[in-house]
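Below: one structure, written as structure tokens.
Each value in this text was obtained by applying a stated rule to the coordinates, not by laboratory testing. Predicted model only: the values in this text are computed from it and were never measured. Positions of Cβ are backbone-derived with ideal geometry, glycine not excepted, and every protein chain shown enters the neighbour counts.
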Amino acid sequence: MSDFLPVAAVSEIPDPGKLLVECQDQLVVVFHVDGQFYCLDDVCTHDGGPLGEGELKGCVIACPRHGAKFDIRTGAALTMPATQATRSHEVKVEGEQVYVRLSS
Amino acid sequence: MTETAVQTGFNQDAFDAFLAARDEPAWLSDLRRAAWEKFLELPMPSRQDEEWMRTDIRLFRLDRFGFPAEAEASQLDQAEEGLLRQGVEVGGHTVAVDSRPLASELSDRLREQGVLFGALDELVREHGDLLRPHLLARAVDPFQDKFAALHAACWSGGTLLYVPRGVEVEEPLHQLSLLSAGGVELGHTLVVLEEGASATLLAESASLDPEAAGLHCGAIELLVGPRATLRYVNLQNWGTGVWHFAHQKALVDQDANLQWTIGVLGSRLAKVNQHVALVGTGARAQVNGVMFSEGRQHLSYHTLQHHEAPHCTSDLLYKGALQDDSRIVWRGMIKVDPGAQKTDGYQRNDSLILNREARADSIPGLEIEADDVRCTHGATTGRVDDEQIFYCRTRGMTRNEAVRMIVAGFFQQVSDRIPIESVRVALGEAIARRIREYE
């Protein structure tokens, strides 16, 4: 399993809010909701749309292309047209720094 | 992964220096300048565009690359012979590293018959008037998008095959394009077969460092004259760090034959437009595609079979196998113009998915404006069938042996259409080496 890597400062991501970051040659989205941080691939499993450009409501992100919704806490697909979860990654905060560990 | 060498970038100063150092006909310099202006003007492709919405290039940084550096003769020592040339007696061959020609040979007999084969940027100096009507003038649009404009402005090296009227070249010709670690390849391939000529060109690409970053921004133009026959094989086998962007177009004239086979194994991300235009009555084109993706590779191929004249036949078969987290996007179109009656067009794309995380997108399309045609298309996507594996295991095979045999069988249909044994063997062996142990 990969190491935790610094991706952003806490202050860069408003609450609620999200930030697209590059981590080990991949694009992932870090979410900040109710004081908690989460991280998903920037990929809608329906047709590869950029989740980071979607609308965030509570703990649900909607793909900007066709409206498929995902739970930002687990990556689970909540509505059609997506049927498969998008990959989620571990996040930790130390001081002012947000770290992400990519899932394999 | 090897670090990408920081180069000077594609900026005005670098372009001016590049142009000043070239000894080329004025019309070619003018074309480069016009394309450079277009390159500066055009934005990077947007994911709002249908053609790019499944291909994410946000991690591609053009400013990390620049004009190819001078090739060193020592790089030739690192170059292997290539996969397609093994066991084949060739009539000529070329080798280039980072778009810089390092070696070029053509048999005396072919030379005496008027065949031209070698580095395009060297031959265009001597044969400018002959090539002017063909080079980036009839097939590939140099202003189509930012990558096409970059290529048209900055191409170097490249390959020319010119076969005069009625000359039949029996021995295949071989072209090997190599990339160094962090290198840039902007080669342009131009093939011109005059009326009644015939030839076979085996082209392949590879990286000297299989994991290093690199950029290929290329174009291929195949101009097949009336009653001419061209067999063209293009094996893309870059390393896994290479960004590959290409525009490829063939024009097939009256009663001419084109057989175009592509093998796609390499690159980090490939975005290719492959376009076959049947421009003369009775033209025939067969397009074969063999693709294998692994790791996090993304291979995006957009094909167009454009029937512009009546009584033409086009037959496209693309087959792809995917493993790991890789993705293949194929988007194909058969377009039939109003006057192209009696068209016979076919396109098919089959995808075999070897594990759950891989993804294939097949998007066939028809756009028909004539009313007396036969156009059909199909696409299949599936996983390796557990019942087939079970059957194989009851015959004493391991699971891995069974998977390999099923994958080989999947590609057999397209392999049977390739008449050149070295190509069949090279593709089969390269794919077999890549299949993981699925025990």
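For the stretch A:1-61, rounded, prolate or oblate, judged on the Cα gyration tensor with a ≥ b ≥ c (square roots of eigenvalues), a/c < 1.5 rounded, else prolate if a/b > b/c? Here the stretch A:1-61 falls in the oblate category. Projecting the Cα atoms of B:265, B:207, B:175 onto the dipole axis of chain B, where Lys and Arg carry +1 and Asp and Glu carry -1 at the beta carbon, places B:265 farthest toward the positive end. The aspartates and glutamates within cross-link reach of residue B:249, meaning a Cα-to-Cα straight distance under 19 Å and a gap of 8 or more places when in the same chain, are B:51, B:141, B:145, B:185, B:194, B:195, B:204, B:221, B:308, B:315, B:337, B:367. Since only B:250, B:189, B:113 are under comparison, the one whose Cα sits farthest along the positive direction of the charge dipole of the stretch B:12-280, derived from C-beta charges on Lys, Arg, Asp and Glu, is B:250.
Relative to the Cα centre, the charge distribution of the protein assembly as shown, modelled as +1 at Lys and Arg Cβ and -1 at Asp and Glu Cβ, gives a dipole magnitude of about 1260 debye.
One decimal place: the segment residue B:40-residue B:195 gains 51.9 nm when fully extended, by the rule 0.36 nm per residue minus the C-alpha distance. Couplings for the stretch B:201-215, taken from phi via the Karplus curve 6.51 cos²θ - 1.76 cosθ + 1.60 with θ = phi - 60°, read 10, 9, 10, 8, 10, 7, 10, 5, 10, x, 10, 6, 5, x, 9 Hz in order; Gly and Pro are left as x. Around the amide H of residue B:54, modelled in the peptide plane, lies no amide H under 5 Å away from a residue 5 or more places distant or on another chain. Here B:238, B:260 are placed in order of increasing Cβ neighbour count within 10 Å, fewest first, which gives B:260, B:238. Taking other C-beta atoms within 10 angstrom as a stand-in for reagent exposure, B:292, B:60, B:410 fall in the order B:60, B:410, B:292, fewest first.
Spacing of the modelled spin labels on residue B:170 and residue A:57, each 7 Å from Cα toward Cβ, amounts to 7.4 nm. Modelled this way, with points 7 Å down the Cα-to-C-beta line, the labels at residue A:101 and residue A:78 are 2.7 nm from one another. Within chain B, antiparallel bridges make up roughly 5 percent of the DSSP beta bridges whose residues both belong there.
Of the GluC sites (Glu not before Pro) found in the stretch B:366-425, those that fall in a DSSP loop while having at most 12 other beta-carbon atoms within 10 Å are B:369. Computed from backbone phi, the HN-Hα couplings of the stretch B:306-315 come to 9, 8, 9, 10, x, 6, 9, 10, 9, 9 Hz, rounded to whole numbers (Karplus: 6.51 cos²θ - 1.76 cosθ + 1.60, θ = phi - 60°; Gly and Pro given as x).
Using 0.36 nm per residue of separation minus the Cα-Cα distance, give me the extension gain between residue B:370 and residue B:20 in nm, one decimal.
Values: separation 350, 0.36 × 350 = 126.00 nm, distance 4.93 nm.
Length gained between residue B:370 and residue B:20: 121.1 nm.
Over the Cα atoms of the stretch B:326-417, the radius of gyration divided by the Kirkwood radius equals 1.14; this is the Rg/Rh ratio.
Spatially, the stretch B:91-139 and the stretch B:254-272 are offset by 20 Å when compared through their Cα centroids.
Cross-linked pairs A:69/A:92; A:69/B:146; A:57/B:146; A:57/A:92; A:69/B:271; B:146/B:319: Cα-Cα separations exceed 27 Å for A:69/B:146; A:57/B:146; A:69/B:271; B:146/B:319. Each Cα pair of the stretch B:241-310 feeds into the Kirkwood radius, which the Stokes-Einstein equation turns, at 4 °C and 1.567 mPa s, into a diffusion coefficient of 99 µm²/s.
Less than 5 angstrom separates the built amide H of residue B:171 from none of the residues sequence-distant by 5 or more or on a different chain.
Residues whose amide H comes within less than 5 Å of that of residue B:379, counting only those at least five positions distant or on another chain, are B:349 (H built at 1.01 Å from N in the peptide plane).
Taking a temperature of 10 °C and a viscosity of 1.306 mPa s, what whole-number D in µm²/s does Stokes-Einstein yield for the stretch A:58-104 with Rh from Kirkwood over alpha carbon pairs? Provide the component values of the computation, followed by the final result.
Values: Rh = 11.8 Å.
The estimated diffusion coefficient comes to 134 µm²/s.
In percent, rounded to a whole number, the relative contact order of chain B is 11, using alpha-carbon pairs under 8 Å and six or more apart.
More than 20 Å apart: what percent of Cα pairs in the stretch A:5-101 qualify?
That fraction is 28 percent.
Taking the beta-carbon count within 10 Å as an exposure proxy, list B:346, B:318 from fewest neighbours to most.
Working: B:346 17, B:318 26.
Least to most surrounded, the residues fall as B:346, B:318.
The 3J(HN,Hα) values that the Karplus relation (6.51, -1.76, 1.60; θ = phi - 60°) gives for the stretch B:338-347 are, in residue order, x, x, 8, 5, 6, 5, 10, x, 9, 9 Hz. Gly and Pro appear as x. Dipole magnitude for the stretch B:12-280: about 720 debye, using +1 per Lys or Arg Cβ and -1 per Asp or Glu Cβ, origin at the Cα centre.
Projected onto the charge dipole of chain B (+1 at Lys/Arg Cβ, -1 at Asp/Glu Cβ, origin at the Cα centre), which of B:317, B:419, B:137 gives the Cα projection farthest towards the positive end? The residue sitting farthest along the positive end of the dipole is B:317.
Working note: Debye formula, equal point scatterers on the alpha-carbon atoms of chain B, no solvent; log10 I(q)/I(0) at q = 0.07, 0.11 Å⁻¹ is -0.33, -0.84.
Applying 0.36 nm per residue to the separation of residue B:130 and residue B:324 and subtracting their alpha-carbon distance, the gain on full extension is 65.0 nm.
Taken over the protein assembly as shown, the percentage of Cα pairs per 20 Å bin, counting from 0 up to the bin with the maximum distance, is 21, 53, 24, 2.
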